[in-house]
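**Q** Dropping a structure here in structure tokens format, bear with me for questions.
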Amino acid sequence: MNREYDILIAGGIVYDGLGNPGRLLDVAIRGEKIHRIAERLDRSRAETVIEADGLSVSPGFIDPHSHTDIELLVNPKAESKIRQGITTEISGNCGFSVFPLSDLNYEERKRYTEEKFEIDVDWRDIGGFFRRLEERGLALNYATLVGHGTIRSAAFGHEDRPPTEREMAAMKRMVRESMEAGAVGLSTGLIYTPGCFAQTEEIIELCREVAAYRGIYATHMRNEGDCLIESVEEAIRIAHEAKVSLQISHLKLAYPRNWSKLHSVLSRISEVKAQGMEILADRYPYTATSTLLNTFIPRWVQQGSTDEYLSRLRDPSLEEKIREFVKIQEEKVGSWDNVFISSVLTHGNQQLVGKSIKQAAAETGKEPYALIRDLLIDEEDQVWMINFSLSEDNFRRIIAHPLVVIGSDGWALAPYGTLGRDKPHPRSYGTFPRMLGRYVRDENLLSPGIAIEKMTSMTARKFGLRGRGQIREGFFADVVVFDPYNIIDLSSWTDPHQFGRGIEHVIVNGRIVIREGEHTGALPGKVLKKIDRITI
């Protein structure tokens with residue numbers, strides 16, 4: 001007997017993704033699309049029925065701030081993300097992407113990827129990386145920005161200087177080639193090398209190339225602490241002069257002495273939006289950041305090749321000057337008890353992962369500065385940290401702002417295999433369940449409809465994901481069914497590799513990936529290219 005529907009989600013409270021209250025409806029799926037939505041549909045006409053009594057039905061969550069890339073080649077099941085209800089990730093943020101690769105940055109990327117993930121890097125551009133993803137298959141949909149830092153390193157390495165005319169032309173060409181092959185925009189990481197060496201005018205020029213393709217400029221701003229307001233103004237200037245849509249990444253105010261600046265920042269974002277600028281920000285629901293440990297090291301030390309950078313760290317004649325800079329960072333964090341080592345490259349320092357800088361220093365018999373220096377040298381700069389520097393009250397105000405969406409700033413990980421090592425930030429596992437459990441259900445910070453809008457249609461519109469982000473007939477069947485009474489994150493700082501609770505079913509492009517809380521092994525995700533989305 002031929003059935004009219006492949007899947008029928010019956011009797012759930014359906015949130016359309018547009019901020020409206022939930023309604024008791026049935027949702028029928030045929031092929032990749034949502035076929036019918038009605039108060040009551042005939043169950044006998046469906047091949048598979050998902051009984052959703054007492055459950056909520058939402059568009060699949062869209063993560064606007066992801067760092068997933070190689071992880072999908074390691075494990076295409078995308079466990080820590082799909083089990084949060086995330087059906088689409090937008091990666092390549094903070095100036096980092098795994099393309100384009102030139103002779104200048106290919107060998108270092110290849111060596112790092114092979115050592116950490118045991119994955120061969122056989123691509124040079126975005127098209128080659130997309131082909132690898134499509135050959136491997138993936139559980140969720142994947143879109144990506146191209147990283148300014150990666151482009152700069154491909155053009156002329158980690159030099160602290162403006163590009164020459166020839167180098168600028170090469171960078172523009174790489175942006176165009178990436179956009180033409182399907183990138184959704186350009187990201188910067190202006191706190192990291194080599195992005196931090198770029199002057200504002202350089203980024204404006206590159207963003208003009210992005211604007212020609214109606215792309216996005218997503219920025220990890222130059223400073224999120226003492227110079228936050230100036231950094232917001234720089235981002236606004238770039239977007240205004242390049243006429244490009246602006247996404248402010250993981251909006252936050254680092255360190256207590258800067259927490260009072262929030263009103264000025266949110267007011268400015270609202271002001272430029274009212275003046276016609278396309279602007280959003282994203283944020284994760286935690287009070288600790290996670291980034292590279294090298295942010296505590298002066299930028300002048302980090303220029304040039306990795307060998308040159310590490311040689312400066314070893315140089316006794318430079319130690320006093322570097323120490324002075326690190327001392328200032330210590331004053332900001334308050335105590336090295338507030339900074340934890342979350343990831344290292346090799347097994348040699350694995351015993352330090354999960355420990356604070358203060359604790360690790362004591363256990364190794366070193367002072368904190370020496371520990372940081374030696375760790376960066378031993379691990380060839382590939383050390384990640386968690387830094388408790390944010391305000392819970394500020395988070396509540398940020399996420400309630402109408403121009404802020406929810407993003408994880410995390411990776412697609414798993415509690416097993418290569419991706420189960422280290423002690424990563426819990427946001428890779430818990431962002432979306434935490435929002436719906438703690439902040440929506442328990443604290444009533446947002447209504448379910450508004451929270452889901454911030455997880456779905458707002459991001460879909462921003463990044464041009466046509467046909468996604470809503471429960472609507474004719475849209476792609478990316479759907480999450482969750483238990484609103486039990487949904488919560490379980491990932492913690494000490495035990496981060498834990499899936500959240502309450503995500504019952506996840507459907508991607510009309511196929512069930514999570515059924516009754518378990519992964520089916522299905523890999524129906526698509527590489528979403530901007531050129532595809534324009535024609536949908």
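The values are calculated or read from the model by the stated rules, or taken from the named source; none is laboratory data. It should be emphasised that the depicted structure is a prediction, and the values quoted were computed from it without experimental measurement. Cβ placement follows ideal geometry from the backbone for every residue including glycine, while neighbour counts extend to all protein chains displayed. Remember, those area values only see protein heavy atoms, side chains included, never the ligands or the DNA or RNA. Shrake-Rupley method; radii C 1.70, N 1.55, O 1.52, S 1.80 Å.
**Q** Of all residues in the stretch 131-147, which are outside any strand (DSSP E or B), over 14 Å from Val98 (Cβ atoms) and touching a Gly at 6+ places or on another chain (Cβ under 6 Å)?
**A** Ala139, Leu140
**Q** Follow-up. Scan the stretch 474-493 for residues that are open to solvent by less than 40 Å² (accessible area, probe 1.4 Å), under 14 Å from Gly437 (Cα atoms), in a loop (DSSP other than H, G, I, E, B) and in contact with a strand residue (DSSP E or B) (Cβ under 9 Å, 6 or more places away or on another chain) and jot them down.
**A** Scanning the stretch 474-493 gives Asp483, Pro484, Ile487, Asp489.
**Q** Shifting gears a bit: What pairs come out if I take residues in the stretch 45-57 that are within 19 Å of Ile503 (Cα to Cα) and pair them with residues that are open to solvent by 10 Å² or more (accessible area, probe 1.4 Å) and of a type in the set (Asp, Glu) whose C-beta lies under 8 Å away, six or more apart or interchain?
**A** Every condition considered, the pairs that remain are Thr48/Asp6; Gly54/Asp483; Leu55/Asp483; Leu55/Glu504; Ser56/Asp483.
**Q** Next question. Between Leu186, Leu133, Leu138, which is under 24 Å from Asp409 (Cβ atoms), within 21 Å of the chain's Cα centre (by Cα), of a type in the set (A, V, I, L, M, F, W, C) and surrounded by fewer than 24 Cβ atoms within 10 Å (Cβ to Cβ)?
**A** Going through Leu186, Leu133, Leu138 in turn, the sole match is Leu133.
**Q** Filter the stretch 208-232 for residues that are of a type in the set (A, V, I, L, M, F, W, C) and either in contact (Cβ under 8 Å) with a residue 60 or more places away in the chain or more than 30 Å from Leu390 (Cα to Cα) (or both) and give the result.
**A** Val210, Ala211, Ala212, Ile216, Ala218
**Q** Test of understanding: among Arg434, Arg427, Arg501, Arg511, which residue is open to solvent by 20 Å² or more (accessible area, probe 1.4 Å), of a type in the set (D, E, K, R), touching a strand residue (DSSP E or B) at 6+ places or on another chain (Cβ under 9 Å) and farther than 23 Å from Ile9 by Cα?
**A** Exactly one of Arg434, Arg427, Arg501, Arg511 is open to solvent by 20 Å² or more (accessible area, probe 1.4 Å), of a type in the set (D, E, K, R), touching a strand residue (DSSP E or B) at 6+ places or on another chain (Cβ under 9 Å) and farther than 23 Å from Ile9 by Cα, namely Arg434.
**Q** Oh, and also: Tell me the residue from Ser97, Ser80 that is closer than 30 Å to Ser305 by Cβ and under 14 Å from the mean Cα position of the chain (by Cα), please.
**A** The unique qualifying residue is Ser97.
**Q** Next question, about the same structure. Among Ile452, Ile471, Ile514, which is part of a strand (DSSP E or B), in contact with a Ser or Thr (Cβ under 9 Å, 6 or more places away or on another chain) and touching a residue at least 40 places away in the same chain (Cβ under 8 Å)?
**A** Checking each option against the conditions leaves just Ile514.
**Q** Can you name every residue in the stretch 414-423 that is open to solvent by 20 Å² or more (accessible area, probe 1.4 Å) and assigned to a loop (DSSP other than H, G, I, E, B)?
**A** Matches in the stretch 414-423: Pro415, Tyr416, Gly417, Arg421, Asp422, Lys423.
**Q** Would you mind telling me which numbered condition in (1) outside any loop (DSSP other than H, G, I, E, B); (2) closer than 26 Å to Lys355 by Cα; (3) out of contact with any Phe, Trp or Tyr (no Cβ under 9 Å at 6 or more places or on another chain) Ala460 fails?
**A** (2)
**Q** Go through the stretch 437-448 and give me each residue that's out of contact with any strand residue (DSSP E or B) (no Cβ under 6 Å at 6 or more places or on another chain) and within 17 Å of Ile86 (Cα to Cα).
**A** Hit for the stretch 437-448 is Pro448, nothing else.
**Q** Any residue at all in the stretch 271-285 that's under 17 Å from Gly225 (Cα atoms), hydrophobic (A, V, I, L, M, F, W, C) and touching a residue at least 60 places away in the same chain (Cβ under 8 Å)?
**A** Yes; the residues of the stretch 271-285 include at least one that is under 17 Å from Gly225 (Cα atoms), hydrophobic (A, V, I, L, M, F, W, C) and touching a residue at least 60 places away in the same chain (Cβ under 8 Å).
**Q** Still on this structure, I have one more. Which pairs have Cβ atoms under 6 Å, sit 6 or more apart or on different chains, and link a residue in the stretch 109-126 that is over 19 Å from Glu380 (Cα atoms) to one that is crowded, with 16+ Cβ neighbours inside 10 Å and among the aromatic types (Phe, Trp, Tyr)?
**A** Filtered contacts from the stretch 109-126: Trp123/Phe129; Asp125/Phe99; Ile126/Phe99.
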